[in-house]
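Engineer: What follows is a single structure, and I will ask about it in a moment.
Computed from the coordinates by the stated procedures, all read-outs in this text should not be read as laboratory data. Since the model is a prediction, treat every value here as computed from it, not as a measurement. Neighbour counts run over all protein chains shown; Cβ positions are idealised from the backbone, glycine included.
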């Protein structure tokens with residue numbers, strides 16, 4: 001612990017004497033979920049308890065969170081995930097009700113609707129059905145036919161979009177501010193950055209602490225919320241493993257865009273190609289669900305950036321909005337989004353910008369299951385270790401709920417039927433399957 005301008009500063013690179021103090025709980029991972037579960041766990045354990053968060057980077061929220069689009073929504077087909085995101089949205093709207101010392105505005109919370117742009121008959125049928133399901137759960141969504149879409153978003157007039165599901169529950173937040181807010185509100189918790197070489201130490205079937213490159217942290221309880229590094233950390237314990245896989249994902253920003261697009265336009269998702277993007281600043285910000293082989297244990301904190309990704313992303317946007325003109329975007333001069341074709345002949349609108357990389361973490365046994373894993377490893381004989389993982393790249397939007405549920409399940413030992421959804425082997429999902 002250090003003092004900064006007379007106030008306690010709890011995010012710092014520790015000295016040996018800081019590390020060696022016993023902790024009631026050690027959380028491994030300083031992205032979004034780690035600070036969140038530290039905050040909620042501190043509230044359960046009490047003000048006199050000591051919670052320690054270990055992070056390898058030089059600050060909080062600097063891993064995959066830094067490449068996130070920081071976008072959130074409640075429109076999830078799975079009922080359990082939908083309920084999680086409803087909790088998170090309420091948290092972002094009223095953070096003071098959950099013990100944070102920052103306001104919603106200070107967290108950068110802004111409402112930003114999602115538009116799921118559909119083109120084919122199968123897509124239209126699927127998202128009409130999803131709209132009904134979500135409305136029954138209290139999510140503010142409605143389905144727009146082609147006429148309504150064109151009236152609301154005339155820049156889509158010359159595309160192949162025939163309708164879409166508009167999710168008014170969408171939002172965005174500032175992930176860096178969120179990480180700071182969790183740390184600020186976490187009482188006596190210490191957040192040790194630049195702390196590496198971690199190994200969970202077990203003796204006689206019980207956790208005794210965490211070894212680091214700066215010393216040994218004595219503790220009897222560990223929660224691992226380290227994103228793509230979770231599997232490797234769990235496997236430092238002989239005989240234990242977690243069935244998760246990591247997939248490299250990237251976000252793309254550009255410095256310019258077609259002037260017909262406004263920063264008030266929604267976050268666009270194109271189901272056909274998995275492309276997603278929003279107008280931001282003077283350009284656009286987005287990504288797409290490209291097919292790459294999953295990795296069991298990434299050796300690097302960040303994936304290698306494919307310099308062709310920008311072109312692949314923009315091509316995915318193009319093909320999703322114009323499916324009957326997949327082969328020849330250069331000749332689509334009459335289309336409102338013909339500017340996307342400029343990517344094929346740079347320099348154009350998108351010749352400048354940035355590409356950031358991170359990992360999505362998935363369940364290995366059910367790759368498309370959106371439910372995160374939030375549980376202890378008691379089934380493997382070690383109830384002193386908890387994990388929060390497999391959030392599929394939605395750690396920012398889901399962090400309040402993941403932290404709250406994690407503290408309830410792992411620290412308090414709450415045993416509610418709905419928490420079974422977050423087991424390593426969960427019951428069948430309550431929701432609809434988006435088969436297109």
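Engineer: So what is the relative contact order of the chain, in percent, for Cα pairs below 8 Å that sit 6 or more residues apart?
Structural biologist: Averaging sequence separation for qualifying contacts and normalising by length gives 23 percent for the chain.
Engineer: Specify the angular offset, from 0 to 90 degrees and rounded to the nearest 10, of the alpha carbon long axis of helix 395-406 from the longest principal axis of the alpha carbons in the chain.
Structural biologist: Around 40 degrees separate the two axes.
Engineer: Follow-up. Using the alpha-carbon centroid of each, what span in Å lies between region 201-243 and region 252-308?
Structural biologist: Taking the Cα centre of each part, region 201-243 and region 252-308 sit 34 Å apart.
Engineer: Please work out the Cα center distance from region 68-94 to region 137-161, rounded to the nearest Å.
Structural biologist: Taking the Cα centre of region 137-161 as reference, the centre of region 68-94 is 22 Å away.
Engineer: May I pose another question? Take each of the peptides 266-272, 365-371, average the number of other beta-carbon atoms within 10 Å over its residues, and list them starting from the highest.
Structural biologist: 266-272, 365-371
Engineer: Quick one: angle between helix 79-93 and the longest Cα principal axis of the chain, in degrees between 0 and 90, rounded to 10, please.
Structural biologist: 80 degrees
Engineer: Something else: At a threshold of 8 angstrom on Cα-Cα distance, excluding pairs fewer than six apart, so keeping six or more, what relative contact order does region 57-103 reach in percent?
Structural biologist: Worked out over region 57-103, it gives 20 percent.
Engineer: With a 10 Å radius around each residue's Cβ, average the other Cβ atoms per peptide and rank 155-161, 356-362, 234-240, highest first.
Structural biologist: Ranked from most to least packed, the peptides come out as 356-362, 155-161, 234-240.
Engineer: Ignoring everything except DSSP H segments at least 4 long, calculate the 222 nm mean residue ellipticity for the chain; use -39,500 (n - 2.57) per segment, divide by total residues, nearest 500.
Structural biologist: Helix-only estimate at 222 nm: -6500 deg cm²/dmol.
Engineer: Can you tell me, using C-alpha contacts under 8 Å and at least 6 residues apart, the relative contact order of region 1-132 as a whole percent?
Structural biologist: 14 percent
Engineer: Pick from 416, 312, 214: which residue has the top mean-square fluctuation in a GNM of the chain where Cα pairs under 10 Å get a spring?
Structural biologist: Result: 416 has the largest fluctuation of those listed.
Engineer: Something else now. Cα axis of helix 33-45 to longest principal axis of the chain: angle in degrees, 0 to 90, nearest 10?
Structural biologist: The angle comes out at about 40 degrees.
Engineer: Ranked highest first by average number of other Cβ atoms within 10 Å, how do 141-152, 197-208, 400-411 line up?
Structural biologist: Those peptides, ordered most packed to least, come out 400-411, 141-152, 197-208.
Engineer: Starting from the Cα of residue 238, step 7 Å along the direction of its Cβ; do the same at residue 90; then give the gap between the two resulting points in nm.
Structural biologist: Simple spin-label model gives 4.7 nm for this pair.
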